[in-house]
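Okay, structure first, notes after.
Bear in mind that the values in this text are calculations on the coordinates, not laboratory data. Source: prediction; values computed, not measured. Don't worry about glycine lacking a Cβ; one is built from the backbone with ideal geometry, like all the others, and counts go over all protein chains shown.
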Ligand SMILES: *Cc1c(COP(=O)(O)O)cnc(C)c1O
């Protein structure tokens, strides 16, 4: 039977081993539990066994789940890992500690304006569509440096790094060149933190420099939908 503590044990040792293989300090790798479609009981169980940071895909679902019984107070941070629609900006800014999915200047400006209104700094990542896929969100590789520079003057945004979801593949090795490209792009732009790696490919992502792993299935088991 699937058990969250067993899953966490396995994930933790896989993180250690992958970091060791490339001489990285495992402490610079942060686990973000991708908790979309999970219940409050599941996230509470994960928290009980030591998960400190959660990532939700939908603003509404994240707010509803984590505000219930004030569970948000028990964790270190809640991230938004899915796309952010304009009409959800007011709710998302200030609630999510890190927004992974900024992919246009227009969106960045709107987040900045709301953060200014709330007198806070909002931490963000730029999502890069690393495979150039029609179906995916994210800014193209070509436009990434333009977006990074355009965001710099926005006084209420703190740009921490880049995020990506590579094309789905059977073999995690096929994701390696995408992760490597993201890191090199970031480094060239003076960024050194990367949200990359999911349940199927996080070990490769660690080897290529991931600093946040977004893991759902590996921690909570298969989703029903
Ligand atoms: C669901 C999701 C994940 C986690 O996916 P798993 O394969 O279950 O680990 C990571 N990132 C994003 C953006 C997601 O939507």
**R0 of 22 Å, Cβ-Cβ distance residue 118-residue 86: FRET efficiency to nearest 0.05** = 0.85
**Asked** Ranked from highest to lowest mean number of other Cβ atoms within 10 Å per residue, what is the order of the peptides 133-139, 103-109, 123-129, 29-35?
**Response** 123-129, 29-35, 103-109, 133-139
**Request:** Sort the following peptides by mean Cβ neighbour count (other Cβ atoms within 10 Å, averaged over residues), highest first: 209-218, 49-58, 3-12.
**Result:** 209-218, 49-58, 3-12
**Gap separating the Cα centres of segment 2-40 and segment 98-132, nearest whole Å** = 26
**For segment 1-54: relative contact order, % (alpha-carbon pairs under 8 angstrom, 6 or more apart)** = 43
**Prompt:** With contacts defined as alpha carbon pairs under 8 Å and 6 or more residues apart, what's the relative contact order of segment 122-173 in percent?
**Reply:** 48
**Request:** Output the relative contact order of the chain, whole-number percent, from Cα pairs under 8 angstrom with separation of 6+ residues.
**Result:** 21
**Asked** Once the Cβ-Cβ distance between residue 6 and residue 70 is put in as r, and R0 is 30 Å, what FRET efficiency do you end up with, to the nearest 0.05?
**Response** 0.60
**Prompt:** What value, in deg cm²/dmol to 500, does the helix sum -39500 (n - 2.57) over DSSP H runs of n ≥ 4 give at 222 nm once divided by the residues of the chain?
**Reply:** -11000 deg cm²/dmol
**Asked** Just from the alpha-carbon atoms, what are the Rg and Dmax of segment 26-82 in angstroms?
**Response** 10.6, 32
**Message:** Between segment 156-174 and segment 190-204, how far is it from one alpha carbon centroid to the other, in angstrom?
**Reply:** 6
**Message:** Whole percent per 10 Å bin, from 0 to the bin with the longest distance: what is P(r) over all C-alpha pairs of the chain?
**Reply:** 8, 34, 37, 19, 2, 0
**Message:** Placing one identical point scatterer on every Cα of segment 129-172 and ignoring solvent, what is log10 I(q)/I(0) from the Debye formula at q = 0.21, 0.31, 0.32 Å⁻¹?
**Reply:** -0.77, -1.15, -1.18
**Item:** Protection proxy ranking of 146-155, 179-188 - average other beta-carbon atoms within 10 Å, highest first
**Value:** 179-188, 146-155
**Contour excess over end-to-end distance, with Cα ends at residue 37 and residue 168 and 0.36 nm allotted per residue** = 45.1 nm
